[in-house]
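A short write-up of the structure that comes next.
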Amino acid sequence: MKIMSAAAAALVLAAGSAAAQGYPNKPITVVVPFAAGGPTDITARIVAEPMSKALGQNVLVENVAGAAGQTGSTRVAGAAPDGYTLIMGHMGTHAASVGLNPNLKYDPATSFQPIGLANASPIVVVARKDFPAKDLKEFIAYVQKNPDKVTQAHAGVGSVSSTTCILFNAQAKLGKVNAAAYRGTGPALNDLLGGQVDFMCDQLTNLAPQINAGGIKAYAVASAARSPAIPDVPTSTEAGLPGYRIESWNALFAPKGTPPEVVAKLVDALDKALNDETTKKRFAELGSLLPTAEERKPDGLLAVVKRDIDMLTPTLKASGVTIGN
Ligand code: MLT
């Protein structure tokens, strides 16, 4: 009996390992846990094409929006760990969510097999183009004086846009601000362009073309230096709010338990996609920053996830904002 069990176990292992060696033999799905057209979607679609080339199979993007990215993340955490279902997560789904959702159904640090960081993106404070403030100081003064007249757009509590505006609103002492939640900052940006909402804090990846075309106003980039993609926009320090410094990132994760051979192929494909000239050009135009060699690997990504959970959780818990308010 014991021998039979050992043999059966060996057979299962051998079958798993053979499947991993033949990987991939069908299309791979990358879940984007937000609506199409936003920064997570843009990033996933930019890397999907060169990853398809590297893997010899189509890498397809599927938008599974809801609950600030937590619906798609929960689905992928529970998917078969075979390398065919991945998620493009970010600083919201895989770090901020911990401090904002006491009922989170996954643990960003342990429910996934990290693959690697795809990019980093500066955060920019932007407003509709006719907002009555010419710079950040005037913007802050206006919101403080007219809280009822102003609506902030975000992609749900726990998203990057919500999290980075919780930090901005606290730094700028804006008090309680009206907010409108969207299924992603793609649709939120459309409403900002249309003037239905007044401002948001978002990743530059989503904003650079509209800032440069004058479709929206940019008050500050929350980085140490200006971005070459939007050279006229001051840093938060130049604009008078030096304490507001935050950057987001997107990263690829597989379900926990994905075989090491599969993980190695995905790490290699992501690295090749990031070294692709078209990827580099698109990221540069959008102000997206390429990850370091270390951050492109599972351990490097895990370190970023843990670092940001540790950095964000105390502040977000202290903000009093939770899912549902
Ligand atoms: C966010 O705010 O978390 C993202 O911008 C959502 C998105 O990619 O649409």
Across region 31-41, which residue is nearest to the ligand (Cβ to nearest atom) among those that are aliphatic (A, V, I, L, M) and crowded, with 22+ Cβ neighbours inside 10 Å? 32
Determine which single condition residue 294 fails, assuming it passes every other condition in (1) free of Cβ contacts under 8 Å to residues at least 60 places away in the same chain; (2) part of a helix (DSSP H, G or I). (2)
Looking only at region 300-312, decide whether some residue is in contact with a helix residue (DSSP H, G or I) (Cβ under 7 Å, 6 or more places away or on another chain) and outside any helix (DSSP H, G or I). no
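Please indicate, with yes or no, whether at least one residue in region 197-212 is in the same structural domain as residue 166 (by TED's automatic domain parsing), of a type in the set (Gly, Ala, Ser) and without any contact (Cβ under 8 Å) to a residue 40 or more places away in the chain.
Pass one, region 197-212, residues in the same structural domain as residue 166 (by TED's automatic domain parsing): 197-212.
After this cut, where a residue has to be of a type in the set (Gly, Ala, Ser) as well, the list is 208.
Filter once more, keeping what is without any contact (Cβ under 8 Å) to a residue 40 or more places away in the chain: none.
The answer is no; no qualifying residue exists.
Within 30 Å of residue 277 (Cβ to Cβ) and not in a loop (DSSP other than H, G, I, E, B): which single residue out of 116, 99 fits that description?
On the way: 99 fails: within 30 Å of residue 277 (Cβ to Cβ).
After ruling out the rest, the residue left standing is 116.
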Residue set 269, 208, 218, 251; condition within 16 Å of the ligand (Cβ to nearest atom), touching a helix residue (DSSP H, G or I) at 6+ places or on another chain (Cβ under 6 Å) and more than 25 Å from residue 319 (Cβ to Cβ); output residue 208
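Being part of a helix (DSSP H, G or I) and in contact (Cβ under 8 Å) with a residue 40 or more places away in the chain: is that true of residue 279 here? Talk me through it step by step, then tell me what you get.
On the way: part of a helix (DSSP H, G or I): yes; in contact (Cβ under 8 Å) with a residue 40 or more places away in the chain: yes.
Spelling it out, residue 279 is indeed part of a helix (DSSP H, G or I) and in contact (Cβ under 8 Å) with a residue 40 or more places away in the chain.
Here's a check for you: in region 313-325, which residue that is part of a loop (DSSP other than H, G, I, E, B) and in contact with a helix residue (DSSP H, G or I) (Cβ under 8 Å, 6 or more places away or on another chain) is nearest to residue 88 (Cα to Cα)? Give the steps one after another, and end with the answer.
Step one: of region 313-325, the residues part of a loop (DSSP other than H, G, I, E, B) are 320-325.
After this cut, where a residue has to be in contact with a helix residue (DSSP H, G or I) (Cβ under 8 Å, 6 or more places away or on another chain) as well, the list is 321-323.
On the way: 321: 25, 322: 23, 323: 21 Å.
The residue in question is 323.
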State all residues of region 94-112 that are of a type in the set (A, V, I, L, M, F, W, C) and over 15 Å from the mean Cα position of the chain (by Cα); if no residue qualifies, say none. 100, 104, 109, 112
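Inside region 261-275, can you point out the residues that are within 18 Å of residue 46 (Cβ to Cβ), out of contact with any Lys or Arg (no Cβ under 9 Å at 6 or more places or on another chain) and surrounded by 15 or more Cβ atoms within 10 Å (Cβ to Cβ)? It would help to see each step written out before you state the result.
Initially, region 261-275 is screened for residues within 18 Å of residue 46 (Cβ to Cβ), giving 266-275.
Keeping just the survivors that are out of contact with any Lys or Arg (no Cβ under 9 Å at 6 or more places or on another chain) gives 266, 268, 275.
The answer is 266, 268.
The values are calculated or read from the model by the stated rules, or taken from the named source; none is laboratory data. Bear in mind that the values here come from a model prediction, so they are computed numbers and not experimental data. No Cβ is skipped: glycine too gets one built from the backbone with ideal geometry, and neighbour counts run over all protein chains shown.
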